[in-house]
Each structure stands twice: as C-alpha cells, then as structure tokens.
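The values are calculated or read from the model by the stated rules, or taken from the named source; none is laboratory data. Keep in mind that what you see is a predicted model, and the values were worked out from it rather than measured. Neighbour counts are summed over all protein chains in view; Cβ atoms, including those assigned to glycine, are modelled from backbone coordinates with ideal geometry.
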C-alpha cells in the first residue's frame, strides 16, 4: 500500500469505511510527514496538531457509530485567507499576524460538518496578491518537485502541501488564477468554481467581484467530492447564487464522445515556453483520442486586453477592501505616532508588504478624480466585452482548453524585481475571473522534470462538464499518480 499520506480522499475514505485504517492513524501519518518535510517546503503558517488529533478521534467515534461522509476523518489544509474560529488567520501579512477570528468561514463550517480534520493554515502571497508565494510576510514556500522553484501563488502553500503529502486535500482562493496556476506548478488538480457557486463569507476580501474559493486535490475525483460539500447557496454572502448543487461525482465518466472542445489560439501567447506548449498540445490530442471533437483555431480576440483590465479592476477593489486596516479595530497597530493620522500612516507603512502597497497605489490612482473614466470605467467596459465573447463562444463549444501557465515553475527570486514579468504568469488564468466562469487545471505532464498544467474552461455553472473532461483525460494520461521525490 502507498504511504498513508499519499492517499487520495476517495482511497482514504474506502480504507476508513472498511476499518482498515483509522482517522487517527491517517492523521498521525500526515503529521509525521509534516514534521519530516515542512522545513524544506514551508507550506504552513500554522500547524494545528492538537486540534487535528482531537478531530481525528471524534471522526473515529462517528465512523464507529456509522456516521461517515466522503470527507469524514480526512486531513485538510485551509489557505490562511479563510477565517477559522479560534485559529490564527494571518493572510500571510504582518498586518494580521496575531488575528484570531471569532467565527468560521462558511466553507470551513461546511467541511467541519462533513468531518474534516484540519491540519492547519496554508502559507500564501500576502492578502492573496501574487503568483509565487514569495510575497508572504513570513517565508517563501518551495515547490515539492524542485525546492529551488516557486509553487505558484497565491495559494502556493495549499498546492505544495497536497503535492508533498502534508495534507490529503486543501482549499485555496482564486482571484486571477491563484488556485489553477499553483495547481499547474505543483502537478495537482485545482478548480476555480463559477463566481457565486461557493460562499465567500469569511474569506478575507482581496477583489470582491473576482474572488472565489475552490479545492486543490491529488486527483479530479477528490475535487468533485470537496465541491459536493463546499458548493451551494449561503444567506451570509449576497453574491452567492441560489441554485441546486448537483452530485459532481456523477459526471466522472471516462469518455468524451459528443463533446465539442475549442482551443483558443490567443492563449498560446508570445513568450510561452516551447516545452509547455508541446505538453499541452499533446494533452489536447489525447482529448481527441477520447472522442471529443476538437477545433484547434478558435479566436477570442479580447483575451489580449484581459491582463490590463484585471490590473485595473483588482487593485481598485483591493484598495477599497484594505482601507479597513487602520490600526484601530484589530490587527497590527503602530504605537509610535504623534497623532491619529500619523498612526494610521505608520500602521500601513509597516503592516503591509511591498506588493500590497504597489497594488493599493495602482488602485488609488485608477480610482482618483480625473482618471476614473480613463481607467476603471474603461476596464469595466472591457470586462463586459470579454464576458460576452466567452458567452458567444460557449454557444459553439462545451469547453475551451488552454495551458494553465505560459511557463514551468520559475526559480525563487527570478522575477522578484520584475513585477510585470510576474503579472504575466496569470495571463492564461485571469480571463476566467473577469468573466466569472469556472476553470480547472489538471496535470498534463512534465518538461525537463517540471510540471505543466492544462486548463479547461466552461460557461457559468458548467462544472460538471469540466469534471467530465478533466476526469477522462486524467484517467487516460495517469499523471495524477506521480509524486515528487522529497
């Protein structure tokens, strides 16, 4: 048998159900793995060892009593941007380094009700702003496939923990690719659901019209199982959509007969690494073998404006959302100050890191008098054009397939002084956030020993179609079985 920490959610569930493994044994195996590799990977901001062992014992009691759901007793990591009652929630920022929320985010509440064992909170780019997890105020997370490289971001800790066997599954959040890009970089499955499909209540806001919570898992089946629990309407979130949640595992079928798939040429951007392009084109060829009708030359001309549009809208919303960190109500507070205004200025000066400050300034500029119409308003109009273009394209295709990222994981520090190069990491993922559509990244293979992800996009609330394409490909290709050698 594979090491316990290498199990998928569904494999662990089968063992727990047949009593061949207890939740306590599984949790101890994962904790032991954390003790062994965490000093190399740095996935966790906080490890909640005592809580995990208590929850595991409770899960074993529940299993004995016959109360067993697909996630009962299974160790998970929660990205440190979601509120966890009584457990520090830092957003990997000095600003919130000692913040302990008095309540759970809705997704955490739902996972707890399903019997989750919480191993801790995952490291991330500060306030989810970044594509490499190098912007954490605490430390950089390393990619388990090559410790000199980034795991992607901002959900780098979540993706790396799943790849390294430090959690069986994890939750991340995705504002411009922050679930899918790290999933691609770490060779795991990662889904950004349709905007409004999963509650954002208790998610610390970055850009409220773009943020969405989703799963990072070892395979597509696990992704569907986690989505079955976290998806659905929530009265606490005014953007949550009241619509029935299907059983996503029913769409996991191994063939693609009758499905029409488009390959948008704009996603094979200039500067894309040739190894990445070859791997993704081979993977798309596999979809044809599985019975899909693939059209290779679809055009989405507005895609090339998505990056500029995103870097106006996201910083503008971030600037508004981060105004609450004033050093008065909670969080870091600069004490050495002459008056209230000085205190507020110093709190932000010392509490926020450079990338967060950069985005606050971008947003403030875009929303300032005289520039609002030239930037923010124009970006919102472009957003409408991008959404319409997707909607029109999905009348002809069931799904679109693209690379997840134009590059393999880059070296730590390689793009630290090149913010524009860093922003280009999200060029394939952020159009989905602008349009509010779902996207999943699945492992597509390797080039020079480094992981490459394939992204599948669909129309709003078509997660079932995405799971079908992703599952059929995964079962035929088998990349999900590979584990990094740590």
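For the structure I just gave you, tell me whether residue 441 is modelled with pLDDT under 95, under 16 Å from the mean Cα position of the chain (by Cα) and not in a loop (DSSP other than H, G, I, E, B). Give the steps one after another, and end with the answer.
Numbers: modelled with pLDDT under 95: no; under 16 Å from the mean Cα position of the chain (by Cα): yes; not in a loop (DSSP other than H, G, I, E, B): yes.
It is false that residue 441 is modelled with pLDDT under 95, under 16 Å from the mean Cα position of the chain (by Cα) and not in a loop (DSSP other than H, G, I, E, B).
Tally the residues that are in a helix (DSSP H, G or I) and out of contact with any strand residue (DSSP E or B) (no Cβ under 9 Å at 6 or more places or on another chain), restricting the search to the stretch 387-422. Steps first, answer last, please.
Residues of the stretch 387-422 in a helix (DSSP H, G or I): 387-393, 419-422.
Keeping just the survivors that are out of contact with any strand residue (DSSP E or B) (no Cβ under 9 Å at 6 or more places or on another chain) gives 387-389, 391-392, 419-422.
Total meeting the criteria: 9.
Pull up the stretch 250-279, narrow it to residues that are within 14 Å of residue 452 (Cα to Cα) and not in a loop (DSSP other than H, G, I, E, B), then point me to the one that is nearest to the chain's Cα centre (by Cα).
Within the stretch 250-279, the match that is nearest to the chain's Cα centre (by Cα) is 276.
Give me a count of the residues in the stretch 423-434 that are under 17 Å from the mean Cα position of the chain (by Cα) and in a helix (DSSP H, G or I). Steps first, please.
The initial filter retains those residues of the stretch 423-434 that are under 17 Å from the mean Cα position of the chain (by Cα), namely 423, 425-434.
Filter once more, so that each one left must be in a helix (DSSP H, G or I): 423, 425-426, 430-434.
Counting residues in the stretch 423-434 that are under 17 Å from the mean Cα position of the chain (by Cα) and in a helix (DSSP H, G or I) gives 8.
All but one of (1) crowded, with 20+ Cβ neighbours inside 10 Å; (2) closer than 19 Å to residue 173 by Cβ; (3) in contact (Cβ under 8 Å) with a residue 60 or more places away in the chain hold for residue 138; state the number of the condition that does not hold.
Among (1) crowded, with 20+ Cβ neighbours inside 10 Å; (2) closer than 19 Å to residue 173 by Cβ; (3) in contact (Cβ under 8 Å) with a residue 60 or more places away in the chain, the lone unmet condition for residue 138 is (1).
Do we find a residue being under 21 Å from residue 178 (Cβ atoms) and surrounded by 13 or more Cβ atoms within 10 Å (Cβ to Cβ) anywhere in the stretch 280-290? Steps first, please.
Going through the stretch 280-290, the residues under 21 Å from residue 178 (Cβ atoms) turn out to be 280.
With surrounded by 13 or more Cβ atoms within 10 Å (Cβ to Cβ) added as a condition, the list becomes 280.
Within the stretch 280-290, one or more residues are under 21 Å from residue 178 (Cβ atoms) and surrounded by 13 or more Cβ atoms within 10 Å (Cβ to Cβ).
May I ask you to verify whether residue 336 is part of a helix (DSSP H, G or I) and farther than 25 Å from residue 303 by Cα?
no
Among the residues of the stretch 471-482, is there at least one that is at pLDDT 95 or above, part of a loop (DSSP other than H, G, I, E, B) and farther than 29 Å from residue 233 by Cβ?
Yes, that holds for at least one residue.
Looking at the structure I just gave you, is residue 274 over 24 Å from residue 402 (Cα atoms) and surrounded by fewer than 24 Cβ atoms within 10 Å (Cβ to Cβ)?
Details: over 24 Å from residue 402 (Cα atoms): no; surrounded by fewer than 24 Cβ atoms within 10 Å (Cβ to Cβ): yes.
Criteria not met by residue 274.
Please verify whether the stretch 371-384 includes one or more residues that are more than 27 Å from residue 136 (Cβ to Cβ), within 21 Å of the chain's Cα centre (by Cα) and in contact (Cβ under 8 Å) with a residue 24 or more places away in the chain. Outline the logic, then answer.
Restricting attention to the stretch 371-384, the residues satisfying the condition of being more than 27 Å from residue 136 (Cβ to Cβ) are 371-384.
Pick out the ones that are also within 21 Å of the chain's Cα centre (by Cα) and you get none.
No: the stretch 371-384 contains no residue that is more than 27 Å from residue 136 (Cβ to Cβ), within 21 Å of the chain's Cα centre (by Cα) and in contact (Cβ under 8 Å) with a residue 24 or more places away in the chain.
Please specify each residue of the stretch 199-229 satisfying the condition of being in contact with a strand residue (DSSP E or B) (Cβ under 7 Å, 6 or more places away or on another chain), under 25 Å from residue 444 (Cβ atoms), touching a residue at least 60 places away in the same chain (Cβ under 8 Å) and not in a loop (DSSP other than H, G, I, E, B).
Hits for the stretch 199-229 are 212, 213, 216, 217, 220, 222, 223, 226, 227.
Could you say which residue among 60, 39 is at negative phi and surrounded by fewer than 18 Cβ atoms within 10 Å (Cβ to Cβ)?
Numbers: 60 fails: surrounded by fewer than 18 Cβ atoms within 10 Å (Cβ to Cβ).
Going through 60, 39 in turn, the sole match is 39.
Out of the stretch 85-135, which residues are assigned to a loop (DSSP other than H, G, I, E, B), modelled with pLDDT of 95 or more, at positive phi and buried (at least 24 other Cβ atoms within 10 Å of the Cβ)?
91, 92, 133
Just for the stretch 395-409: of the residues that are out of contact with any helix residue (DSSP H, G or I) (no Cβ under 8 Å at 6 or more places or on another chain) and in contact (Cβ under 8 Å) with a residue 40 or more places away in the chain, which one is nearest to residue 463 (Cα to Cα)? Outline the logic, then answer.
In the first step, residues of the stretch 395-409 are kept if they are out of contact with any helix residue (DSSP H, G or I) (no Cβ under 8 Å at 6 or more places or on another chain); the result is 395-397.
So of that shortlist, the ones also in contact (Cβ under 8 Å) with a residue 40 or more places away in the chain come out as 396-397.
On the way: 396: 17, 397: 14 Å.
So, considering only residues that are out of contact with any helix residue (DSSP H, G or I) (no Cβ under 8 Å at 6 or more places or on another chain) and in contact (Cβ under 8 Å) with a residue 40 or more places away in the chain, the one nearest to residue 463 (Cα to Cα) is 397.
Has the stretch 57-71 got at least one residue that is in contact with a helix residue (DSSP H, G or I) (Cβ under 9 Å, 6 or more places away or on another chain), assigned to a helix (DSSP H, G or I) and in contact (Cβ under 8 Å) with a residue 60 or more places away in the chain?
No, because not a single residue in the stretch 57-71 is in contact with a helix residue (DSSP H, G or I) (Cβ under 9 Å, 6 or more places away or on another chain), assigned to a helix (DSSP H, G or I) and in contact (Cβ under 8 Å) with a residue 60 or more places away in the chain.
Of all residues in the stretch 280-311, which are assigned to a helix (DSSP H, G or I) and within 17 Å of residue 429 (Cβ to Cβ)? Working first, answer last.
Let us first name the residues in the stretch 280-311 that are assigned to a helix (DSSP H, G or I), namely 280-289, 301-311.
Listed by number, the residues that qualify are 280, 283, 302, 303, 304, 305, 306, 307, 308, 309, 310, 311.
Can you pull out every residue in the stretch 349-358 that is assigned to a helix (DSSP H, G or I) and either under 22 Å from residue 333 (Cβ atoms) or out of contact with any helix residue (DSSP H, G or I) (no Cβ under 9 Å at 6 or more places or on another chain) (or both)?
Within the stretch 349-358, the first condition is being assigned to a helix (DSSP H, G or I), and the residues that meet it are 349-351, 354-358.
Selection gives 349, 350, 351, 354, 355, 356, 357.
Restricting attention to the stretch 306-325, which residues are buried (at least 17 other Cβ atoms within 10 Å of the Cβ) and over 23 Å from the mean Cα position of the chain (by Cα)?
Result: 325, single match.
If you take the residues in the stretch 1-27 that are in a loop (DSSP other than H, G, I, E, B) and touching a residue at least 24 places away in the same chain (Cβ under 8 Å), which one is nearest to residue 249 (Cα to Cα)? Show your work before the answer.
The first filter runs over the stretch 1-27 and keeps only residues in a loop (DSSP other than H, G, I, E, B), leaving 1-3, 7-8, 18-22.
Then drop every residue that is not touching a residue at least 24 places away in the same chain (Cβ under 8 Å), which leaves 3, 7-8, 19, 22.
On the way: 3: 25, 7: 18, 8: 15, 19: 23, 22: 24 Å.
Among those that are in a loop (DSSP other than H, G, I, E, B) and touching a residue at least 24 places away in the same chain (Cβ under 8 Å), it is 8.
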